[in-house]
Structures are given as C-alpha cells and as structure tokens.
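Presented below is the structure to which this report refers.
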Amino acid sequence: WLKFFSHSFPTLSSMDEAKTLIKSLIRDIPDFPKPGIVFKDITTLLKDPSGFKAAISLFVQRYKEMNIDVVVGVESRGFIFGAPVAHELGIGFVPVRKPRKLPGKTIGVSYQLEYGEDRLEMHEDAIEKGQRVIVLDDLVATGGTLKAASQLVEQAGGVLVECGCMVELPELKGRQKIEGIPLYTMVEY
C-alpha cells in the first residue's frame, strides 16, 4: 500500500489501509483539557512520516478532481493539513485565525462556544468572488468552528465546496450543526 503515497490513484484497499493507519496513530489523552474529556491527540500521527503522509494523501486524492481554487485552514491544526494539501494541489492557502492575529484588514464571524463566544477572522482580500474553496481542520466535534469558517468563505464571496477533517466525533453532533455543508472525514471515534 506504500504505492498509494506516490500520488498514484489509490485503490479502495489502500485507502482503507491508510485510514486504519491514521486511526491507529491518534492517541487518547484522558481528562484533557479538563476532567471527563478524552482528547484526541494528533501529535503522534504528525511525528510518524507514513501516517502524516497518509492523511495528506487522502485529502489530496479527495480534492484533486474537484477544481478547487483555494484551501482554507482553520487555526491552528487546520494549517498543518491545509498548507501541504494546497501545495500538492498547486493552489493557494488561506489561514483563518483568532482575532487580531492577521496584519491586514479582516472580516470576521463570531460564534458560540459551550461557555462563551469566540471569533474567527480572515483577510478581506484572501478569497476572490466565485473561487471554489475547501475548509480543512483536524477534527470536527461540535461543528462551531467549521460553521464559522464556512460563513467567512461565503462572506468573502467564495463558493464553499466542502469541509474536510481527519477526525469526526459523531456523538458531539457537529455534522448536524453544519447541516447543509458537505463534510468529509477520514475516521470516527
């Protein structure tokens, strides 16, 4: 299945093997960031060259025929996946960041967290009207961050094709929160 990583078109079995590898490399950290939470730690996947390459390759294979113009990566783990995917696709990368982190004029969207509010921002000129965009992040849990990033893309005039995440936590119902927005995930927990 290593042939899969040489940018040849993957077979179904090699894609399944890549997803199995990815899932095996994500570890659980109990009681982080607070008691009762089981954190899905991707750093163990990132340090494994085959695992990291598998994740990037699955995204590239997914999007290479979709005529995507721009990859948006959500701070901060979305940068880790979004930039190399954009590079492999030969297209631009746009970072979506927390407030006051970008130097130019920005547009922003506020969204609700379990205990409070947060905000995402993007340079106002980062996406041209009509550009086809994917939003990438490491994980979808409650869906709030992906929904906000998707709203930013639309506010900028982009056409949101899909959101993509390596991991989905279905019990947190993030897919339902972003209902109407296509979502691709590689593995579920």
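Odds and ends about this structure:
- Shape call, the range 86-153: gyration tensor on alpha carbons, a/c limit 1.5: oblate
- In plain terms, the chain from Glu75 to Lys98 could stretch by 7.6 nm, reckoned as 0.36 nm per residue minus the Cα-Cα distance.
- Cα gyration tensor, the range 125-184 - rounded (a/c under 1.5), prolate or oblate: prolate
- Note on Val38 and Val159: the extension gain reaches 40.1 nm, defined as 0.36 nm multiplied by sequence separation minus the Cα-Cα distance.
- Cα gyration tensor category, rounded, prolate or oblate, for the chain with a/c compared to 1.5: oblate
- Straight-distance crosslink candidates among lysines, where the alpha carbon sits under 18 Å from Lys173 and sequence neighbours closer than 8 are dropped: Lys40, Lys147
- Think of a 1.4 Å ball rolled over the protein heavy atoms: the chain then has 52 Å² of accessible area per residue.
- With the cut-off at under 20 Å, measuring from each backbone N in the range 152-178 to a point 7 Å along the Cα-to-Cβ line of Gln112 picks out 152, 171-178.
- Cα-projected label distance for Arg27 with Glu179, points at 7 Å along beta-carbon direction, nm: 3.9
- Remark: accessible surface ordering of Ile68, Ile29 (largest first) is Ile29, Ile68, probe radius 1.4 Å.
- Normalised contact order of the range 76-189, rounded percent, pairs of Cα under 8 Å and 6 or more residues apart: 23
- Computed from the C-beta positions of Arg119 and Leu172 and an R0 of 25 Å, the FRET efficiency is 0.75 to the nearest 0.05.
- Accessible-area composition of the chain, carbon plus sulfur, in percent [1.4 Å probe]: 52
- Taking all protein chains together and a 1.4 Å probe, the residues Ser14, Ser50, Ser24 rank Ser24, Ser50, Ser14 from largest to smallest accessible area.
The values are calculated or read from the model by the stated rules, or taken from the named source; none is laboratory data. Note that this is a predicted model, so its numbers are computed, not measured. We place every Cβ from the backbone using ideal geometry, glycine too, and count neighbours over all the protein chains shown. Heads up: the accessible areas ignore ligands, DNA and RNA and are worked out on the full protein's heavy atoms, side chains in. Shrake-Rupley method; radii C 1.70, N 1.55, O 1.52, S 1.80 Å.
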